[in-house]
Amino acid sequence: MSEEIEPVEAFRLRAREWIKANLGPMQRWDMSQHCESDEEELEAVARDRMLQRKLYDGGFAGICFPKEYGGQGLTPDHNRAFSEELSGHEYPSRFSVPTFSPCASVLLEFGTPEQKAAHLPAILKGEEVWVQLLSEPGGGSDVAGITTRATRDGDHWVLNGSKVWTSRAWWADWGLILTRTNWDVPKHRGMTVFILPLQQPGVEISRIERLNGESESCEEFFTDVRIPDSDRVGEVDAGWTIGTRWMYHERLGHNSPYVTTPVGSKGQKSHEPSVVEIARKAGRLDDPAALELIGEHRALGIVTHELQRRIGDAAASGKGNKDLSSVDRVFRGLASVRRATIAFDLAGSDASVWDENCENPTDAVGMQFLMRQVSCIGGGTTEISRNVIAERVLAMPREPSGDKGVPFRDVPKGPNRSR
Amino acid sequence: MRHVLTPDQELFQDTTARFLADRAPLSRLRKLRDDPAGYEPDYWRDGGELGWCMPLVGEDEGGGSVSGRGIVDLSLLAYEFGRHAAPGPLVDCNVVAAALSGQPGEMQQNALGEVLTGKAIAASCLGAAPWQELGKAGVTIRKDGSQLVISGSVRPVESASQASWLLVTGASDGGRTQVLVPASATGLEVRPLKSIDVTRRFGQVTFADVHVPESAIVGTFAEAEAQIAQQIRHAAVILTAESVGAMDSAFDMTVDWAFERYTFGRALASYQALKHRFADMKSWLEASHAISDAAADAVADASDTADEVCSAAKSYVGQQGVELAQDCVQLHGGIGVTYEHDLHFYLRRVTLDRLLYGTPAEHRRMIGSMQIKQDVMA
Ligand SMILES: Cc1cc2nc3c(=O)[nH]c(=O)nc-3n(C[C@H](O)[C@H](O)[C@H](O)COP(=O)(O)OP(=O)(O)OC[C@H]3O[C@@H](n4cnc5c(N)ncnc54)[C@H](O)[C@@H]3O)c2cc1C
């Protein structure tokens, strides 16, 4: 006999009450995801851990995770309802992506019962923040071209190489890492996934400054790091089976049913700057051109939301092609670029400067414009998603490649790739 | 289109598709380019019998829909119209039928009965649109004793020469007014116009101080704003669903072409530069489906965001539908700009639909005003 699932609307009301009683208003650090100083960031991290624990104790952590691992065992609709109710409130933003999706989602799908029992409840309680270790200095798009190696040594593996662009690695706890374990077979057949504690000897983490001044991104160098075989996820050399699902969960990002993040009921991410406010500051509220831009900005937000819902529904009904998530990815990237440009245009020349005492310069409209392309790069580029749409949704011929059927050792590599 | 339909809706859509393929194939539409109506005699009346003009009107007045969510059913119908580039005044007949529904006057009820069954055609003369300043409206309606006087001129009006009934929107002192005018009214003149869509017909309607009795009013004098907003929502749903149908046809036909056409010893579909354009088009197409369905649902649910969602649909699909169709032309090469090829039927359809009942720019400004109003209230 399966247990009765609480109806979504009843759940929504219960969530609303709980949120009102337990969560304060949204904080600045919820909005910009990174802080002025490291001290402030670490303070925010501590607070996020505490908030995640609060959700757990309140019975609202991991809405779509199974109960046996500390989740609520509910449906994507419940998660959507909770995310909508969360709008305007503080929330543990540092847990959303990549901890819940892709990392915890991948663990849930491929982890051993021991791995799941050890990590999923800890994640839901706010004790473990995870990062994904995929991209390397030699390339990020060609994920299966990684050269960070793990070599077997008895019941352990020895890790050497480096990963890059890892957001938050400098303070995070665990990483999911894709490694090369066999160089004598074609690239897709020689990779293995491990889980890895980040803060340990042999893992050297350095920070990378982005053009807007923050340094959330990291590069990690691994020197003879020993990983017990019990921390291997999936079969040896079968890492790509996991990799494709990993990429799928990554493309879903904040739209994953495993991620809870505040969303306005019609798709406005609650941390976006109000373009009405920007136009008002610029004294352009009665300018028809500005009015049109405000309308376009809003329309794109609504369309993005409805597209996400359509693709989510198709996935849930099992009808749509699973690679349709790439359609959503491309659309979101381009819509976000356009919206950043609109905000920038509305601000006029004032976008070029900000007050010295501005709380967080990375929130400045001009700075956001400079960082505009991030939405088309992070999480896999829009070009790669376009390849996926063309080849796997529209069934067009695949791009020629220099690595098909070739032992990975012999694949041509750029000067940055280690061998 | 929607991922989930009721069996009745599926049947309705399927019947429409088969009827249109049979009665209005492109080969026939091509030959009817100079025909005054753009379709064969009886086409519209037979469509009327299939319930084309009934979805927005209740059963008590002779209307009815297959699912009980009339605007959603109508969007399925409109989608098929777009897919087949079908002729006929689907938008105006439905918009006017919905506007006349519930109106007490005898003339209004007679007109409604005729339009519902496809016996007569109705046209909407939007001579004072919500995105226009009242003082700049092309048509005015003023009181003169117990009569109303309509003056001015409006274009484009769909099926103006074929219509027996015209729902005229004009500016009055203090607001907009709508009246129902028989095409035979004295002082009313219709001049046929050429249009970009060879399958549809348009005209300019001029009112030289046309006098009608006060009983011709639809709604209340100078207080038509709310009903006009509802008519725009209905039109936005029908027009975007129709455009999505036309986009699907244009896109499918261009994907097929990309597999068949070879250059430099390779299929077009193998070039990454073109694959990426197809991928972008696919994302516009999926987004257009999503927002078009959302608009129909918002109207069906009488959601308080319906205005915003309908304007988002009208502006997004209006813009991107045309971009998609023009990209399809580009990817066809020279054959894409010939009359002989089928592609132009869909290009014409999305281009026309973009312009009717508010352009993308006009709808964006309406959303912009709503946003500012909301911001002031917050
Ligand atoms: C904000 C942000 C956060 C990130 N966080 C993480 C993280 O936490 N963990 C992690 O592992 N990575 C992370 N990344 C890295 C990200 O996944 C990569 O930057 C991305 O996949 C692209 O890889 P690359 O930078 O090596 O570019 P490259 O792969 O070198 O690509 C360069 C350019 O070539 C294009 N290109 C490449 N191959 C093709 C092709 N076959 N067809 C057409 N065009 C092609 C690309 O689209 C791009 O425009 C993050 C990136 C950003 C911006």
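Determine the shielding of peptide A:301-312 by partner chains: average, over its residues, the number of Cβ atoms on other chains within 10 angstrom of each Cβ.
Mean inter-chain Cβ contacts per residue within 10 Å come to 6.
In square angstrom and rounded to 100, what buried accessible area do you get between chains B and A, total over both, with the probe at 1.4 Å?
3500 Å²
In nm, give the distance between the simple-model label positions of B:ASP34 and B:LEU134, each being 7 Å from the Cα along the Cα-to-Cβ direction.
Simple spin-label model gives 4.8 nm for this pair.
Any idea what % of Cα-Cα pairs in the protein assembly as shown are farther than 53 Å?
Everything past 53 Å amounts to 20 percent.
Which log10 I(q)/I(0) values, to two decimals, does segment B:7-119 give at q = 0.14, 0.18, 0.20 Å⁻¹ under the Debye formula with one point per Cα?
Evaluating at q = 0.14, 0.18, 0.20 Å⁻¹ gives log10 I(q)/I(0) of -0.55, -0.88, -1.05.
Ignoring any ligand, DNA or RNA, what whole percent of the accessible area of segment B:10-161 comes from carbon and sulfur when the probe is 1.4 angstrom?
Here it works out to 46 percent.
Hey, what's segment B:225-377 come to in accessible area per residue, 1.4 Å probe, Å²?
34 Å²
Using only Cα atoms and rounding to the nearest 10 degrees, what angle (0 to 90) does helix A:113-124 make with the longest principal axis of chain A?
20 degrees
Cα axis of helix A:8-22 to longest principal axis of chain A: angle in degrees, 0 to 90, nearest 10?
For helix A:8-22, the angle is close to 80 degrees.
Would you mind giving the mean number of other chain beta-carbons within 10 Å of the Cβ of each residue in B:128-137, as a whole number?
Per residue, the average neighbour count from other chains is 0.
Quickly estimate the mean residue ellipticity at 222 nm for chain A, helices only: each DSSP H run with n ≥ 4 gives -39500 (n - 2.57), and the total goes over all residues, rounded to 500.
It comes out at -12000 deg cm²/dmol, rounded to the nearest 500.
Cα centroid distance between segment A:159-173 and segment A:311-332, in Å?
30 Å
Once each part is reduced to its C-alpha centroid, what is the distance from segment B:133-195 to segment B:325-341 in angstrom?
One Cα centre to the other: 38 Å.
Going by average Cβ neighbours within 10 Å, how do the peptides A:254-261, B:361-368, A:366-373 rank, with the highest at the top?
B:361-368, A:254-261, A:366-373
Given R₀ = 60 Å, what would the calculated FRET efficiency be for B:GLN109 paired with A:ASP350, taking r from the Cβ atoms and rounding to 0.05?
0.55
Residues of segment B:283-307 with accessible area at least 50 Å² lower in the all-protein-chain context than alone (1.4 Å probe)?
B:SER283, B:GLU286, B:ALA290
Show me the chymotrypsin sites (Phe, Trp or Tyr not before Pro) within segment B:194-277 that DSSP assigns to loop and that have at most 13 other Cβ atoms within 10 Å of their Cβ.
B:PHE264
Using a 10 Å cut-off on Cβ atoms, rank the peptides A:36-49, B:306-319 from the highest mean neighbour count down.
B:306-319, A:36-49
Keeping the other protein chains in place, figure out the carbon and sulfur percent of the accessible area of chain A, with a 1.4 Å probe.
Reported share for carbon and sulfur atoms: 52 percent.
Using only the Cα atoms of chain B, build the gyration tensor, take square roots of its eigenvalues as a ≥ b ≥ c, and label the shape rounded, prolate or oblate: rounded if a/c is under 1.5, else prolate if a/b is larger than b/c, else oblate.
prolate
If R0 is 30 Å, what FRET efficiency do you get for A:ARG398 and A:SER206 from their C-beta distance, rounded to 0.05?
Efficiency at R0 = 30 Å is approximately 0.25.
What is the angle, in °, between the Cα long axis of helix A:325-347 and the longest principal axis of the Cα atoms in chain A? Nearest 10 is fine, range 0 to 90.
For helix A:325-347, the angle is close to 40 degrees.
For chain B, what does -39500 (n - 2.57) per DSSP helix run (n ≥ 4), summed and divided by total residues, give at 222 nm, in deg cm²/dmol to the nearest 500?
My calculation for chain B gives -17000 deg cm²/dmol from helical runs alone.
Determine the distance separating the Cα centre of segment A:375-400 from the Cα centre of segment B:226-247; give it in Å without decimals.
Answer, in whole Å: 33.
Report the label-to-label distance for A:ASP153 and A:LEU370 in nanometres (one decimal), using points 7 Å from each Cα along the Cα→Cβ vector.
Label-label distance for A:ASP153 and A:LEU370, simple model: 4.4 nm.
With a 1.4 Å probe and every protein chain kept in, tell me what percent of the accessible surface of segment B:225-377 is carbon plus sulfur.
Summing carbon and sulfur atoms, their accessible area is 52 percent of the total for segment B:225-377.
The values are calculated or read from the model by the stated rules, or taken from the named source; none is laboratory data. Everything numeric here is computed off the predicted structure, so don't read it as measured data. All Cβ positions, glycine included, derive from the backbone under ideal geometry; neighbour counts span all protein chains shown. Just so you know, the surface numbers come from the protein's heavy atoms only, side chains and all, with ligands and any DNA or RNA stripped out. Shrake-Rupley method; radii C 1.70, N 1.55, O 1.52, S 1.80 Å.
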